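S.K.: Can you read through this structure? Questions will come right after.
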Amino acid sequence: MTTLPDRPNTALLVVDVQNDVVADAHERDGVIANIAALVDKARAENVPVVWVQHSGEQLPAGTEGWKYVPELEQEASDPIVHKQYGDAFEDTDLENVLAERKVGHLVVAGAQTDACIRSTLHGAIVRGYDATLVGDAHTTEDHTQWGGPTPDKVIEHTNLYWHYQTAPGRRGRTVTTDTVELRADPPTA
């Protein structure tokens, strides 16, 4: 369905699963286990795994907190996109990485639900991609002390609204780790 011509492929986009980003994340270990399962599925289907890594004032590049969690293994051939904004497309080479691989459909997992995941999903659909959120493979921290809803409610709400997200010729959807389709051609239904 993507509006990007000649881009039939799917990629798994793993966003910001870095030590400091997920240190206090809701259901951290279960989410990381699901992301690891997605990476395995992607590799079994020869679907590219693209890693997104945030840096900034509170997450300086090269520090231990900036590094990806040890439970997730990157391969030397996996592209790593370095970003400084919530939307992984903003001021990065993500679009070039995806264009080189003829990707028009993204399967998205990672952190944080209410920040970089949300921004990247919207950034993808605005740029012509179909974007599938893996509902049990993203997480966030508890922001209730600042008036935010509990993490489980943030995740539930994001899963709900993204499942029904559409734009002309594009769509969002929410699936689970067990039901995600990782293959060269994106799902059409």
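The values are calculated or read from the model by the stated rules, or taken from the named source; none is laboratory data. Worth saying up front: this structure is predicted, and the values here are computed from it rather than measured. Every residue, glycine among them, receives a Cβ derived from its backbone with ideal geometry; neighbour counts consider all protein chains shown. These area figures cover heavy atoms from the full protein model, side chains too; ligands, DNA and RNA do not enter into them. Shrake-Rupley method; radii C 1.70, N 1.55, O 1.52, S 1.80 Å.
S.K.: Based on the mean of other beta carbon atoms within 10 Å per residue, what is the order of 113-122, 161-170, most packed first?
M.R.: Values: 113-122: 22.6, 161-170: 14.3.
Ranking, from highest mean packing down: 113-122, 161-170.
S.K.: Excluding residues on the same chain fewer than 8 positions from K153, give the aspartates and glutamates whose Cα lies under 17 Å from its Cα.
M.R.: K153 reaches D24, E27, D114, D136, E141, D142.
S.K.: Considering only the other residues whose Cβ falls under 15 Å of the Cβ of E100, what net charge follows from Lys and Arg at +1 and Asp and Glu at -1? If you can, show how the numbers build up before the last one.
M.R.: Working: positive: R7, R101, K102; negative: D6, D78, D93, E95.
My count for the surroundings of E100 gives -1.
S.K.: Relative contact order of region 1-112, please, whole-number percent, based on alpha carbon pairs below 8 angstrom and at least 6 residues apart.
M.R.: Here the relative contact order equals 45 percent.
S.K.: Report in % the part of the accessible area of region 1-86 that belongs to carbon and sulfur, leaving out ligands and nucleic acids; probe 1.4 Å.
M.R.: Carbon plus sulfur share of accessible area: 48 percent.
S.K.: If you don't mind, another one. Where does each of 103-112, 56-65 land if you order them by average Cβ count within 10 Å, highest first? All intermediate terms of the calculation are to be shown ahead of the outcome.
M.R.: On the way: 103-112: 26.5, 56-65: 10.4.
Highest-to-lowest ranking by the protection proxy: 103-112, 56-65.
S.K.: Sorted by average packing, counted as other Cβ atoms within 10 angstrom per residue and highest first, what order do 38-49, 10-21 take?
M.R.: Descending packing order for the listed peptides: 10-21, 38-49.
S.K.: Further question on the same structure: What's the carbon and sulfur percent of region 109-158's accessible surface, probe 1.4 angstrom, rounded to a whole number?
M.R.: Percent of accessible area from carbon and sulfur atoms in region 109-158: 55.
S.K.: Counting only C-alpha contacts under 8 Å and six or more residues apart, can you give the relative contact order of region 41-189 as a whole percent?
M.R.: Values: 217 pairs, mean separation 31.4, N = 149.
Reported relative contact order: 21 percent.
S.K.: Please state, to two decimals, what the Cα-based radius of gyration of the chain comes to when divided by 2.2 N^0.38 Å (N = residues).
M.R.: 0.94
S.K.: Something else now. If you count the DSSP beta bridges with both ends in region 2-88, what percent of them are antiparallel, to the nearest 5? The partial results should precede the final answer.
M.R.: Numbers: 2 of 10 bridges.
Close to 20 percent.
S.K.: Just the C-alpha atoms of region 81-189: what Rg/Rh do they give, with Rh taken as the Kirkwood radius?
M.R.: We get a ratio of 0.97 for region 81-189.
S.K.: Over the chain, give the accessible area per residue in Å² for a 1.4 Å probe, as an integer.
M.R.: For the chain, the per-residue accessible area is 47 Å².
S.K.: Follow-up. Full-extension gain between T179 and N19, please, as 0.36 nm times their residue separation minus the C-alpha to C-alpha distance.
M.R.: Stretched out fully, the T179 to N19 stretch lengthens by 54.9 nm.
S.K.: Here's another thing I want to ask about it. When the Cα centres of region 70-118 and region 167-183 are compared, how far apart do they sit, in Å?
M.R.: Using only Cα atoms, the two centres lie 16 Å from each other.
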